[in-house]
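A quick write-up on the structure given underneath.
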Amino acid sequence: MDSHEIINLEQKNLTIPIRNVRQDIPKYFAKEYIKEKLKEIKDNEERMFITFLWMSGVRVTEAISITRKDLNNQQNILTIKWLKSRKWNDRNIPLHPILSQLLAIYTGGMPLNSKVFNFTRQRAWQITKKCFNTNPHTFRHSFAVNYLREGGNIVNLYRLLGHSKIQTTMEYLKIVPTDLAKELETINF
């Protein structure tokens, strides 16, 4: 073969959108399973951390970055801060009243600047592996699926999860198909 010879390789269709590549459905736990497993966890810090992940839907990095001053228990609001492109961003999300009350009790004696969960990302993974044999992100998926199953709105879920694109949030509709007939009944013609 001559070194100047051109070889045609297999043709590729470059027009296929990248988002069609991922076909797997996110792993999640049913609400009843999480409730039962939480009862078995003896360590209060571990149980509170998993409860927080499950009931807030935040990312693990966001969870371990939260300080006591980020919690507004009177208004049930949590301020989440993250660094992106050397710029701090934040979003405020509502907390379920039960979670807000649990956090108020859990953080009661903590100074304002102290972290609510004072451990590393690796430790967070160890806790979820030990207690549920999974990773922390599974609780984010579980939150989203439960939110939709309980009648939550996809646009509000998009805001709660802090996704940059609503298409990411809409992936959960593969798991929880919307009941179009039920929704159609509410429309007046």
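Please determine, by comparing only the residues of the stretch 151-186 that are charged (D, E, K, R) and modelled with pLDDT of 90 or more, which one is nearest to LYS84 (Cα to Cα). Talk me through it step by step, then tell me what you get.
As a first pass, look at the stretch 151-186 and keep what is charged (D, E, K, R): 159, 165, 171, 174, 179, 182-183, 185.
After this cut, where a residue has to be modelled with pLDDT of 90 or more as well, the list is 159, 165.
On the way: ARG159: 18, LYS165: 16 Å.
Looking at residues that are charged (D, E, K, R) and modelled with pLDDT of 90 or more, I get LYS165.
Here PHE52 clears all of (1) in a loop (DSSP other than H, G, I, E, B); (2) buried (at least 18 other Cβ atoms within 10 Å of the Cβ); (3) among the hydrophobic types (A, V, I, L, M, F, W, C) except the condition numbered (1).
The single condition among (1) part of a helix (DSSP H, G or I); (2) at pLDDT 95 or above; (3) touching a Ser or Thr at 6+ places or on another chain (Cβ under 9 Å) that ARG47 does not satisfy is (3).
Looking at ILE98, ILE80, can you tell me which residue is at pLDDT 95 or above and among the aliphatic types (A, V, I, L, M)?
Values: ILE80 fails: at pLDDT 95 or above.
After applying the criteria, what remains is ILE98.
Residues to consider are ILE154, ILE166, ILE187; find the one that is over 22 Å from ILE66 (Cα atoms), among the β-branched types (Val, Ile, Thr) and touching a Ser or Thr at 6+ places or on another chain (Cβ under 8 Å). Every option except ILE154 fails the conditions. Residues in the stretch 56-115 that are under 19 Å from HIS163 (Cα atoms), assigned to a strand (DSSP E or B), touching a residue at least 40 places away in the same chain (Cβ under 8 Å) and of a type in the set (A, V, I, L, M, F, W, C): ILE80, ILE93.
Being touching a Gly at 6+ places or on another chain (Cβ under 8 Å), in a helix (DSSP H, G or I), within 26 Å of THR67 (Cβ to Cβ) and of a type in the set (D, E, K, R) holds for only one residue in ARG140, ARG159, ARG123, and it is ARG140.
When the stretch 70-107 is filtered for residues that are surrounded by 11 or more Cβ atoms within 10 Å (Cβ to Cβ) and basic (Lys, Arg), the ones remaining, listed by number, are LYS81, ARG91.
Return the residue satisfying two criteria in turn: it lies in the stretch 14-44 and is in a loop (DSSP other than H, G, I, E, B), modelled with pLDDT of 60 or more and not acidic (Asp, Glu), and of such residues it is surrounded by the fewest Cβ atoms within 10 Å (Cβ to Cβ). Spell out how you get there, then give the answer.
Here is the first cut: in the stretch 14-44, the residues in a loop (DSSP other than H, G, I, E, B) are 14-17, 21-30, 41-43.
Okay, now just the ones that are also modelled with pLDDT of 60 or more, so 24-30, 41-43.
Then keep just the ones that are not acidic (Asp, Glu); that gives 25-30, 41-42.
Numbers: ILE25: 12, PRO26: 16, LYS27: 11, TYR28: 22, PHE29: 19, ALA30: 12, ILE41: 18, LYS42: 7.
So the residue we want is LYS42.
Taking (1) within 30 Å of VAL176 (Cβ to Cβ); (2) in contact (Cβ under 8 Å) with a residue 40 or more places away in the chain; (3) among the acidic types (Asp, Glu); (4) out of contact with any helix residue (DSSP H, G or I) (no Cβ under 8 Å at 6 or more places or on another chain) in turn, GLU45 satisfies each apart from (1).
The values are calculated or read from the model by the stated rules, or taken from the named source; none is laboratory data. Because the structure is predicted, anything quoted here is derived from the model rather than measured. Using ideal geometry, Cβ is built from the backbone for each residue, glycine included, and neighbour counts are taken over all protein chains shown.
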